[in-house]
Amino acid sequence: MVAVSKSSTPRNKPLLLYFENEYFRLMRNRGLSSLLLATLLVVSCAKVSDYDQYSAYYPDLMEHKYLREFPFIGFPRNSTHETQMELVNGVLYIMDAYDGIHALRNTDKRKVYFLIAPGCTQMTPYSSGIVSDRTVDLITFGKKGNQTVDFVGQQLDVLDELAPPDGKEIPPIFQRQNRQKNTEIIRWEK
Amino acid sequence: MGKITRLLSISLLVLLAACRRDTPFSETSVNDPVHFYPARFCVVNDEALPIRSNGIFRNSTLLYPLRDQPAHVSFDSLTQRLCLLYGTRVELVDVNNWEMVYSAGLPFRSEKIKSKAGKAVLISSDAPGTCRILDLAHPESFRETAYDFMLTDMTIDSAHVTLLGKEQLLLCDRELKILSSVEVKGGKAVAKSGPDLYVLDTDGLWYYSIQNNSFHEKQAVH
């Protein structure tokens, strides 16, 4: 007569049933099951790691003097990341995300200017031009005097900082109080 | 057998612990440098107003408190109503007293709303495309049309609504009745003012003139 062991092996039982048996047998051992439960609790309640809390992206920074003191209107240039277009008062404005806005004259279909707005993500038309963000500032371009397109005005430090695209916190090293003074985030990269 | 069980349990725990940790390289695509940001400001009666996480401000005065930052906003000067779009909810605010006058859920996800002359148009951000047009004075009555292609951008003015898809550009009246259509290649953005219309697609920038409710002239813009 052949002796049959109490716990069956995968050879003569379906694998799932075998693991189920093994699991319940394991759980009968109070010490081991408590240890398992405790470990599972520790793992699931463990403090969220830095990778979870902080963004994996790193920011491009620009000093205020380059952002706010240099000319706001430049020569036409090639587009790279067009995201939005608005046609206002015979001028087509094409947003080039994070860099600025191309201005194209409707009459001869030519790009006439590049409106420099580092860190721009959005533009909205108003009666004689457009308003755009420039990192934490708002900047307005449009008709001014005889000029069809000109720099009209700006509001400084009115917006929140550009947040990392993954929705996580700015890593401590890049937070305003820790990073180089008088700098703003103009884009996030990986 | 006991050893095998313990080994399996430990492996399971190690696997669980590994899943808890998010590696820094598991997020958004590296090759896509343009990211979606919620609305950061709005223009109301030609005045730019910052939108922060907790509200809409004039200087440091809170005009309208927000629980979430809207995905997109648009102001209609005729009705003096500000349209706030929150993905699956649309809200209208009367800017004379900064009070909410309408709020409704959407059956689709939307991240673009534009308004002009008493009407607002919003498009779904998923495929297939859906477009809803709202009468801002009576937002309970709206018209909605579904299309068999994805919509990427739109315009609205006092005469027309244009809807841009990846492969088609539609010229519609303000009730969303299609008046004319043209083919495009990977449509990205559209802008229109009067009879002038520009389309940006993967082949570049194109100009169309509109005559008699139809696309008339097509011209490549360099």
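Quick notes
- Aspartates and glutamates whose Cα lies under 12 Å from that of B:LYS116, excluding same-chain neighbours fewer than 8 positions away: B:ASP76, B:ASP135, B:ASP157
- Set A:LYS144/B:LYS177; A:LYS168/B:LYS119; B:LYS119/B:LYS218; A:LYS65/B:LYS119 screened for pairs whose C-alpha atoms are more than 31 Å apart: A:LYS144/B:LYS177; A:LYS168/B:LYS119; A:LYS65/B:LYS119
- With one equal scatterer per alpha carbon and no solvent term, the Debye-computed log10 I(q)/I(0) for the range B:106-211 at 0.11, 0.13 1/Å reads -0.30, -0.42.
- Label separation (A:ASN178 vs A:ASP52): 1.9 nm, computed from points 7 Å beyond Cα along the C-beta direction.
- Cα gyration tensor shape of the range B:24-166, rounded if a/c is under 1.5, else prolate or oblate by comparing a/b with b/c: oblate
- Cα centroid separation - the range A:87-140 against the range B:71-86, whole Å: 21 Å
- Cβ-based net charge around B:VAL190, under 10 Å, with every Lys or Arg adding one and every Asp or Glu removing one: 0
- Net charge over other residues, Cβ less than 10 angstrom from the Cβ of A:PRO59 (K, R count +1; D, E count -1): -2
- Peptides B:40-53, A:160-173, ordered by how many other C-beta atoms sit within 10 Å of their residues on average, highest first, read B:40-53, A:160-173.
- Net charge of Cβ neighbours under 11 Å - reference A:GLN155; Lys, Arg +1; Asp, Glu -1: -2
- Mean separation of Cα contacts under 8 Å (6+ apart) over length of the range A:53-190, as relative contact order %: 28 percent
A short reminder: the numbers here are calculations on the coordinates, not readings from a lab. Since we're looking at a predicted model, the values are computed, not measured. FYI the Cβ positions are ideal-geometry reconstructions off the backbone, even for glycines, and counts take in every protein chain you see.
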